[in-house]
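Reading through the structure tokens given below for one structure.
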Amino acid sequence: MITRVNFFSFLLVIGFVTGCDTAPSSSSASTTIRSDSFTFTIPEGWISVKPDRKKTKAELLYGSKTWYRADAMIRVDSGKPAIPNAMELAKSFAESDKGKLLPDTVDLAGETGYVVVTESKTLRAPCYFIAVIRNEKCYLLMGASKGKVEVKDVIDEIRQSWEWID
């Protein structure tokens, strides 16, 4: 039986992770993000800002250097999964946030990703979300937009450059 997991409660659960490297602070000079377990290229026009949470391994903004003024935001969170199966985790998120789990999966550098879309038009909740579990850690690649930026396309670009660090 799948229990419904509120998105913010879920993020709290995975937030208790140690040993993370954070993205560069407010720098558009860097062209890549590198954490302890992955790397990817920053899409053109986006800037990397220093995450304010331990579980957030990368945070990108479009249109401003502060999240509340940005037109869109992409975050990568990582930690111990609240539900140890990526598909069930994505399904639980979709149910709790009135989203939809898409039937097709995506590839994230050889790992199967499960995609959820929602109707969110704010930066407080993602409108496009990919869940992957690798080496007993959950990776959440999330995009939020105020409606002016198509984050799915940007996340697809990130996926194409994504590499795991073993």
Single residue of LYS137, LYS98 found to be farther than 18 Å from ILE74 by Cα, without any contact (Cβ under 8 Å) to a residue 40 or more places away in the chain and not polar (S, T, N, Q):
LYS98
Residues satisfying the stated conditions in region 58-115, i.e. touching a Leu at 6+ places or on another chain (Cβ under 9 Å), of a type in the set (Lys, Arg) and under 18 Å from VAL151 (Cβ atoms):
ARG69, ARG75
Yes or no: region 128-136 includes at least one residue that is surrounded by fewer than 16 Cβ atoms within 10 Å (Cβ to Cβ) and either modelled with pLDDT under 95 or over 11 Å from the mean Cα position of the chain (by Cα) (or both).
yes
How many residues does region 109-134 contain that are of a type in the set (D, E, K, R) and either over 19 Å from VAL154 (Cα atoms) or part of a strand (DSSP E or B) (or both)?
2
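The values are calculated or read from the model by the stated rules, or taken from the named source; none is laboratory data. Since the structure is predicted, the reported quantities are computational estimates derived from the model, not experimental observations. With ideal geometry, Cβ positions are generated from the backbone for all residues, glycine too; neighbour counts draw on all protein chains shown.
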